[in-house]
Amino acid sequence: MLRSRIAAARSRPSRPRRYVWEKLPDEQLLSLRFCDLKLTIEGTDLEEAVKRLYRELSSRGIQFRPHCWLAEEWFSPDGIPGIAIPFYLAHRRLMSLERRFMREVEGGNRNWLMRILRHEAGHAFDSAYRLRRRRQWRDVFGPASLPYPDTYRPRPGSRRFVQHLGAWYAQAHPTVDFAETFAVWLKPNSAWRRDYLGWPAFAKLEYIDGLAAEIGDTKAPVIDRTTVEDVAEEVSTLRQHYERKLARYRTPRRSGADELLLKVFTTAPRRKSAPKAACVLRELRNPLRQQFVRTGAFSEYLVHQVLRLMIERCERLDLYMRGSRRQLKSQLIWLIARLAESYEERQLPRVAL
């Protein structure tokens with residue numbers, strides 16, 4: 001009886017930590033310095049997500065455990081086998097602030113969070129075992145010494161790369177290719193042997209599978225526990241952070257989708273109450289994606305990327321809905337199909353990193 005009570009107490013989720021700044025209006029919250037927030041991973045949903053990542057690594061026979069800390073953005077520093085997690089994921093109040101400025105919260109739900117953690121764990125695994133120095137690693141993924149680009153041009157039809165995070169991210173650089181491939185391999189109950197059979201990317205997944213069996217139970221030669229850009233030591237304010245971040249995203253990217261979007265939506269709505277195109281697309285995103293998946297005309301990954309691009313361009317162009325919702329659905333099916341076809345046939349516009 002006593003043991004069962006102790007076990008129940010341990011399994012019971014801890015109460016979220018309370019902060020004096022939780023109830024502050026946005027303008028006051030933006031004036032606070034990062035170090036004044038006193039954020040931690042412990043006692044949050046992030047703590048359980050990190051533990052889940054460790055369990056996934058263990059289930060794959062890997063004893064390595066990347067250390068994690070809170071920073072301004074997602075990254076894993078070269079040479080340091082750890083993972084920086086964005087500060088806003090440590091508290092729902094900060095997630096709402098991130099959504100206000102950036103329109104989305106990267107890693108803001110459990111599935112998305114774990115997908116990114118697996119990707120960053122791939123980078124950390126590379127650093128921990130100095131994998132990029134191996135000749136076979138370079139033969140499979142390419143030289144890590146290639147300059148890291150500011151932009152890259154995805155090739156949606158390529159089967160040389162796995163499809164994990166958005167915008168065909170594996171195609172950006174050899175180190176990203178490794179991290180994306182590692183993430184697909186690491187996912188619990190991953191069906192990579194079936195999903196990628198016949199793809200050139202299959203050999204990359206097999207390489208990681210063999211690599212894990214070879215070194216997974218050995219001690220990592222790099223054990224540096226340094227943290228980089230830790231928000232606990234950051235004296236800039238949240239306002240300064242978002243000013244810098246918005247400046248990076250302020251220049252709109254041209255897209256061949258714009259002309260097609262303007263056939264469906266408008267920049268000059270006839271009614272003041274006309275809903276924003278981006279909001280309508282977010283509302284219809286899942287039903288539209290499921291409809292295309294049922295038909296089998298395009299891959300779910302491709303349709304998902306097309307919808308993300310449409311929402312981004314609708315926001316940039318400040319587009320509104322015109323006409324009825326009944327008409328809109330058939331127009332959107334036509335538009336998604338046109339974009340998906342064009343992206344399968346040619347290269348996408350360059351994507352900024």
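The values are calculated or read from the model by the stated rules, or taken from the named source; none is laboratory data. Predicted, not measured: the structure shown is a model, and the values here were computed from it. Every residue, glycine as well, gets a Cβ built from its backbone with ideal geometry; the counts of neighbours run over all protein chains shown. For the accessible areas, the whole protein counts, side chains as well, though only heavy atoms, and no ligand, DNA or RNA atoms are used. Shrake-Rupley method; radii C 1.70, N 1.55, O 1.52, S 1.80 Å.
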Within region 21-53, count every residue that is closer than 21 Å to Ala121 by Cα and either surrounded by 17 or more Cβ atoms within 10 Å (Cβ to Cβ) or touching a Leu at 6+ places or on another chain (Cβ under 7 Å) (or both).
-> 6
Across (1) over 23 Å from Val228 (Cβ atoms); (2) more than 20 Å from the chain's Cα centre (by Cα), Ala167 clears everything bar (2)
Starting from residues that are at pLDDT 95 or above and among the polar types (S, T, N, Q), keep the ones in region 1-40 and report whichever is farthest from Ala232 (Cα to Cα).
-> Gln28
Scanning region 91-117 residue by residue, those under 17 Å from Ala49 (Cβ atoms) and open to solvent by 10 Å² or more (accessible area, probe 1.4 Å) turn out to be His91, Arg92, Met95, Glu106, Gly108, Asn109, Arg110, Asn111, Trp112, Leu113, Arg115
Run down Leu260, Leu309, Leu284 and say which single residue is at pLDDT 90 or above and either touching a helix residue (DSSP H, G or I) at 6+ places or on another chain (Cβ under 9 Å) or open to solvent by 40 Å² or more (accessible area, probe 1.4 Å) (or both).
-> Leu284
Would you tally the residues in region 198-232 being in a helix (DSSP H, G or I) and open to solvent by 70 Å² or more (accessible area, probe 1.4 Å)?
-> 3
Is one or more of the residues making up region 121-133 modelled with pLDDT of 95 or more, of a type outside the set (Val, Ile, Thr) and part of a loop (DSSP other than H, G, I, E, B)?
-> yes
Here are some conditions: (1) in a helix (DSSP H, G or I); (2) at pLDDT 95 or above; (3) within 19 Å of the chain's Cα centre (by Cα); (4) among the hydrophobic types (A, V, I, L, M, F, W, C). Phe101 meets all but one. Which one does it not meet?
-> (2)
For region 287-306 the number of residues that are in contact (Cβ under 8 Å) with a residue 24 or more places away in the chain, under 25 Å from the mean Cα position of the chain (by Cα) and either surrounded by fewer than 15 Cβ atoms within 10 Å (Cβ to Cβ) or assigned to a helix (DSSP H, G or I) (or both) is 9
